[in-house]
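Remarks on the structure that follows.
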Amino acid sequence: MTITVDPTAPEFRYGAIGLFSRLLREQPVTPLADGGVLLCRHADVAWALTSHDVRRPTEWSVGRKPEGPFRDFGRNNMISMNPPDHTRFRHAIMPAFSRKRVEALTDFVDRTCEALIGRMRERDSGDFIADFAMPLPVTVICHMLGIPTEEENLLREGSGAMLAGLEIVATPEEFARATAGATALFDYLSAVVRAREQSPGDDLLSLLVRNEREHKLTRDEVVWAIITLLIAGHETTTHLLGNGLLALMRHPEAMRRLREEPGLTENAVEEFLRYDPPLYVLFRQAARDVRIDDTAIAEGTHLMLSIAAANRDPLHFESPDVLDLGRANARDNLSFAAGRYLCAGHALARLEGRIAFQKLMSRLADIRPARDPAPREGVMFKGYHDMPVSYRWAG
Ligand code: HEM
């Protein structure tokens, strides 16, 4: 009997890893209640991410949002775009994410981690999300953009509200908060852009303003591009750090190994991304008629790609449910997508992850959960609102 799943059902609310594992075994190409198709196998998800027969469902993403600034964001954010607009945005921002530019941020990330852990030292317990996992990426992205961190609250709250509105199940209240967040961020950042025009620097925001002058982006597009970077670069990285630390706390032998073998950290970050990714699913649309196994998929059909399932596919990863920090092919995870839509900030997120876990392991001992963390509700994003932990200062 064919199983049909409904992503708006409660079982999808907190990252449906159990359901995805079952579908991988029993029915990796699954009809969705709304007529779409869910793909779970690594090979199928990798194909859908890279094939020109598949595109992003721009109209669907934009049309779901209420009229107003949040819908304007939907129209102008590169994460919903396809070429040629997508190519124009990508060309505008990618110079800021070159390997050289990202490596040049190493010292800043290092100092920021030290400062945050230094503050954690004053106590022997706290909320890992509020104390470390949230402020690190906000501070780094603000530094990259050249935005003062005094407005961190506005940036954090505005982008958090907008992120919640991007979920496939959003309530009218969440849409209202997302609209208020979009308005506040747009107004504030428009003023920052105007000021930066007068005194440009070497930051990402000045680069975007220069691109506007070269007529590659309109003024509004520059502001929406900045908001996109804030949203894309912020909570995702928070969840990499939170989900990664939680995985370590639940596997003390892995935490011990990481302390003893710090050279493993880069691979450990890949394994955290594979094991419990910040984005569980992505949405796409067939650009022409295609077929997967016996399933004919007509042009226009919505595709839900389960990154979480692909990362646990036993055809690709041996013992996929085991957290193995030394896994040879951990980097095959699809958590940053792939192909022409590959996450623009993947090298930056990987750098932040590597430095953060190196510092956490060397400075803090006996890191343990103080109580269960509060999971954030959502189909797409997987993470925690808080993560109470206790620890000891190790030096
Ligand atoms: C662990 C952290 C991160 C994860 C898991 C992640 C994941 C992703 C994924 C899956 C996509 C593709 C979305 C789609 O095609 O539907 C994406 C796109 C994007 N990400 Fe990330 N991201 C992370 C961090 C960052 C950071 C730090 C930045 C920048 C500061 C960033 C900027 C972007 C941008 C601009 C795009 C759009 C790329 C495009 O459309 O070509 N991300 N990210």
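The values are calculated or read from the model by the stated rules, or taken from the named source; none is laboratory data. Quick caveat: nothing in here was measured; it's all calculated off a predicted structure. Every residue, glycine among them, receives a Cβ derived from its backbone with ideal geometry; neighbour counts consider all protein chains shown.
What the table below lists for this structure:
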item: Residue in region 59-87 that is modelled with the lowest pLDDT, counting only those that are within 11 Å of the ligand (Cβ to nearest atom) and not in a loop (DSSP other than H, G, I, E, B); result: S61
item: Out of R64, R22, R55, sole residue that is more than 23 Å from E377 (Cα to Cα) and surrounded by 14 or more Cβ atoms within 10 Å (Cβ to Cβ); result: R55
item: Top-ranked residue of region 137-188 - restricted to ones that are under 17 Å from the mean Cα position of the chain (by Cα) and of a type in the set (G, A, S), ranked as nearest to the ligand (Cβ to nearest atom); result: S159
item: Of all residues making up region 118-138, the number that are more than 15 Å from M387 (Cα to Cα), touching a residue at least 24 places away in the same chain (Cβ under 8 Å) and surrounded by fewer than 20 Cβ atoms within 10 Å (Cβ to Cβ); result: 1
item: Positions within region 330-343 being near the ligand (Cβ under 6 Å from one of its atoms) and in a helix (DSSP H, G or I), in sequence order; result: Y341
item: Selection count where residues are of a type in the set (A, V, I, L, M, F, W, C) and not in a helix (DSSP H, G or I), scope region 155-173; result: 3
item: Options L240, L245, L264, L258; residue that is under 19 Å from R368 (Cα atoms) and more than 14 Å from the ligand (Cβ to nearest atom); result: L258
item: Qualifying positions in region 83-100 - surrounded by 16 or more Cβ atoms within 10 Å (Cβ to Cβ) and over 19 Å from the mean Cα position of the chain (by Cα); result: A92
item: Lone qualifier among E260, E214 - being of a type in the set (D, E), modelled with pLDDT of 95 or more and surrounded by fewer than 23 Cβ atoms within 10 Å (Cβ to Cβ); result: E260
item: A298 within 13 Å of the ligand (Cβ to nearest atom) and touching a strand residue (DSSP E or B) at 6+ places or on another chain (Cβ under 8 Å); result: no
item: Residue in region 347-356 that is more than 16 Å from the ligand (Cβ to nearest atom), surrounded by fewer than 20 Cβ atoms within 10 Å (Cβ to Cβ) and modelled with pLDDT of 95 or more present; result: no
item: Meets criteria (touching a residue at least 24 places away in the same chain (Cβ under 8 Å), aliphatic (A, V, I, L, M), touching a strand residue (DSSP E or B) at 6+ places or on another chain (Cβ under 8 Å) and surrounded by 21 or more Cβ atoms within 10 Å (Cβ to Cβ)) for V290; result: no
item: Subset of region 281-310 that is of a type in the set (S, T, Y) and at pLDDT 95 or above - its residue that is farthest from H346 (Cα to Cα); result: T301
